[in-house]
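Report on one structure; see the data block that follows.
Rule-based calculations on the coordinates, nothing more; no lab input. A quick note: this is a predicted structure, and the numbers were derived from the prediction, not measured. Positions of Cβ are backbone-derived with ideal geometry, glycine not excepted, and every protein chain shown enters the neighbour counts.
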Amino acid sequence: MATSPRPFRFGVSLTAASTRQAWLDKCRRAEALGYDLIAVPDHLGVLAPFPALVAAAAVTERPRLATYVLNAAFHNPVLLARDALTTQLVTGGRLELGIGAGYAKDEFEAAGIPWTGAGARVRRLSETVTELRRILDDPRLIGWSRAIEPPPLIIGGHGDKMLRLAAAHADVVAFAGATGGTANLAGADIMAERVAFFEAAAGDRAASMERNIMAHVVIVAPDRDRAIDMLRRRAPHLDGMPGFEELPTVLLGPAEDIAATLLARRERYGISSICVHEPAMAGFASVIKLLAGQ
């Protein structure tokens, strides 16, 4: 882990809008609330990442724009490189390219893509990342004459193979903090072990890589007990989990307490990049104000 902590960056994952204007207004609001990153996931039933991010860039100035994260199985790596280069160009170099192995079996089936085991999906991702890096580092390989700075690469996951891949190729490692989507949230000790595994795999690279996590549950409330009660109502399946309120992907309580929690977790795990889901965007802004510049 780096000896001096990285400054915090905060992102919000935006997924849908009923109209063009609603989407643009949402992106403007994310910037006004202080978010450093506007992220769009790669799922069926929500906005496609690249056009949504290009639209976001047209009405914002400061936030970076991330695919968070692409399903490698959905994309031909050469065509993906072209899309990434185009998006990097038209957004003024603000793209961050997140990519993973995919985990939603029903989406594979709906897209007509064969569902395979985790090992095969990670191999497909590894092949995609290798080809992406090759083209992004030398766009002339696909006929681009214009030199362009390649976007930072985000690789997200939880298992050994994914973390080894991130350690070897990524600029940002996104710790999933869960297995099977959000079905099984990792506890504090498991997260510490995953971070240690990544550091061992990355070696000297570990200090230069940003570490990210998605906070799956965020409830900002006047007092912690009220936030815990709200969580029990919203996610009763977590109530039986020992220490559920201390899970690294759960943030509960007053903004001041959450800010202190994030400082402590950055010290323990080295995680300085925090993303939240869209429903938490407004409430979490009070935490961003407390940690801005830290």
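How big is the gap, in Å, between the Cα center of the range 23-81 and the Cα center of the range 147-205?
For the range 23-81 versus the range 147-205, the Cα centre distance is 21 Å.
Just in the range 135-241: which trypsin sites (Lys or Arg not before Pro) are loop by DSSP and have at most 16 other Cβ atoms within 10 Å?
Numbers: sites: Arg140, Arg146, Lys161, Arg164, Arg194, Arg205, Arg211, Arg224, Arg226, Arg232, Arg233, Arg234; in loops: Arg146.
Those that pass, being in a loop and sparsely packed, are Arg146.
What spacing in nm lies between the two simple spin-label points modelled at Asp137 and Asp223, each 7 Å away from Cα in the Cβ direction?
Roughly 5.7 nm, to one decimal.
Which net charge results when you count Lys and Arg as +1 and Asp and Glu as -1 among the other residues whose beta-carbon is under 12 Å from that of Asp160?
Working: positive: Lys161, Arg164, Arg194; negative: Glu193.
Here the charged neighbours net out to +2.
Taking the 0 to 90 degree range and rounding to the nearest ten, how far is the long axis of helix 281-291 tilted relative to the main principal axis of the chain, both from C-alpha atoms?
80
Placing unit charges on C-beta atoms (Lys and Arg positive, Asp and Glu negative, everything else neutral), compute the dipole magnitude of the range 39-137 about its Cα centre in debye, rounded to 20.
220
Would you list Met191, Met162, Met230 from fewest to most Cβ contacts within 10 Å?
Working: Met191 22, Met162 25, Met230 14.
The order, fewest Cβ neighbours first, is Met230, Met191, Met162.
Roughly how big is the chain's charge dipole about its Cα centre, with Cβ charges of +1 (Lys, Arg) and -1 (Asp, Glu), in debye to the nearest 20?
Numbers: 32 positive and 32 negative charges, 97 e Å.
Taking the Cα centre of the chain as origin, the dipole is about 460 debye.
Can you spot the lysines whose alpha carbon is less than 23 Å from Lys161's alpha carbon? Ignore those fewer than 8 places along the same chain.
By straight Cα distance, Lys161 reaches Lys105.
Taking the Cα atoms only, what angle lies between the long axis of helix 20-32 and the longest principal axis of the chain, rounded to 10 degrees?
So the inclination is approximately 60 degrees.
Please give the net charge around Pro150, taking every other residue with its beta carbon less than 15 angstrom from that of Pro150, where Lys and Arg add +1 and Asp and Glu add -1.
0
Angle between the Cα long axis of helix 255-269 and the longest principal axis of the chain, 0 to 90 degrees, nearest 10?
60
Report the relative contact order of the chain, percent, no decimals, based on alpha-carbon pairs under 8 angstrom and at least 6 residues apart.
On the way: 500 pairs, mean separation 59.4, N = 294.
Here the relative contact order equals 20 percent.
Please report, largest first and rounded to whole Å, the three semi-axes of the ellipsoid equivalent to the range 175-294, where each semi-axis is the square root of five times an eigenvalue of the C-alpha gyration tensor. Could the numbers behind the result be given before it?
Details: eigenvalues 116, 65, 26 Å².
After diagonalising the Cα gyration tensor, the semi-axes are 24, 18, 11 Å.
Using a Cα-Cα cut-off of under 21 Å, which lysines could be cross-linked to Lys26, ignoring same-chain neighbours fewer than 8 residues away?
Qualifying lysines at Cα under 21 Å: Lys289.
At 222 nm, what helix-only mean residue ellipticity would the chain give, in deg cm²/dmol to the nearest 500, using -39500 (n - 2.57) for each DSSP H run of four or more?
Details: 11 runs with 130 residues, N = 294.
About -13500 deg cm²/dmol.
Ala255: net charge of surrounding residues, Cβ under 13 Å, Lys/Arg +1, Asp/Glu -1, itself excluded? Before the final figure, lay out each step's value.
Details: positive: Arg224, Lys289; negative: Asp223, Glu256, Asp257.
Charge balance near Ala255 sits at -1.
Quick one: give the max-minus-min coordinate of the C-alpha atoms of the chain along each principal axis, largest first, in Å.
58, 43, 42
For the charge dipole of the chain, defined by +1 on Lys and Arg C-beta atoms and -1 on Asp and Glu C-beta atoms about the Cα centroid, which residue among Ala221, Gly98, Pro254 has the Cα displaced farthest towards the positive pole?
Farthest towards the positive end: Gly98.
Testing the spin-label approximation: label points 7 Å from Cα along Cα→Cβ at Ala58 and His43. State their distance in nm.
It works out to 2.6 nm between the two label points.
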